[in-house]
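Written out below as C-alpha cells is the structure these notes cover.
The values are calculated or read from the model by the stated rules, or taken from the named source; none is laboratory data. If you're wondering where the values come from, they're calculated on a predicted model, not measured in any experiment.
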Amino acid sequence: MYVRFHAPWREVRRGVSHGLFGPAGWCAYDADAGGALGEAIGRELDWFNANLPVPRRRHFLVKSCRRWRSDGICWFVGDAGEMIAHAHVLASLLRECGVPVTKVVTHRPGTILYRDAYQIVAKPEEATPTVWH
C-alpha cells in the first residue's frame with residue numbers, strides 16, 4: 001500500500017497536484033500565516049529535512065517521445081508509520097492555513113522509478129487513482 005497527501009495548491013503537471021511540501025514551504029514563510037502556525041509548519045519541514053531522503057531529480061524523469069519528462073510523483077510506503085504520522089500533522093497545519101489536503105491510498109501507484117525505506121517515486125499510469133478521496 002502507498003499513501004500520498006494531495007494538496008490542490010497548484011498543478012505540478014496536468015492532472016497531478018502538489019503533495020504536502022510545496023504548499024508547506026509557502027505557508028511556513030507566508031507573512032499572513034506567520035506566528036505560531038508558521039513556526040509549527042517550519043518545525044515539521046525541519047523534521048522531514050532531517051529524516052526523509054530526497055530523491056535526486058533524475059529519479060523523477062521518464063523518457064517519452066524521445067524527450068525526458070519529469071513525470072514521477074512521490075508516495076509514502078504504507079509501513080513508514082512515523083513519516084505518515086508527521087505527514088498527518090503537516091496536513092492538519094496546512095488546513096489551518098486554508099490549503100485543502102486529502103489523503104490517497106493505492107496499491108497501484110504506477111511504474112516505480114525510485115524506492116527507499118520510506119517512499120517511492122512513481123510514474124502514474126491509467127490504473128493510478130485520479131479521484132482523490
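Tabulated data
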| read-out | value |
| --- | --- |
| From the options Ala28, Ala7, Ala40, Ala33, residue that is among the small types (Gly, Ala, Ser) and modelled with pLDDT of 90 or more | Ala40 |
| All strands (runs of 3 or more DSSP E) inside the range 61-133 with 1 or more residues being more than 15 Å from the chain's Cα centre (by Cα), at pLDDT below 95 and within 24 Å of Trp26 (Cα to Cα) | none |
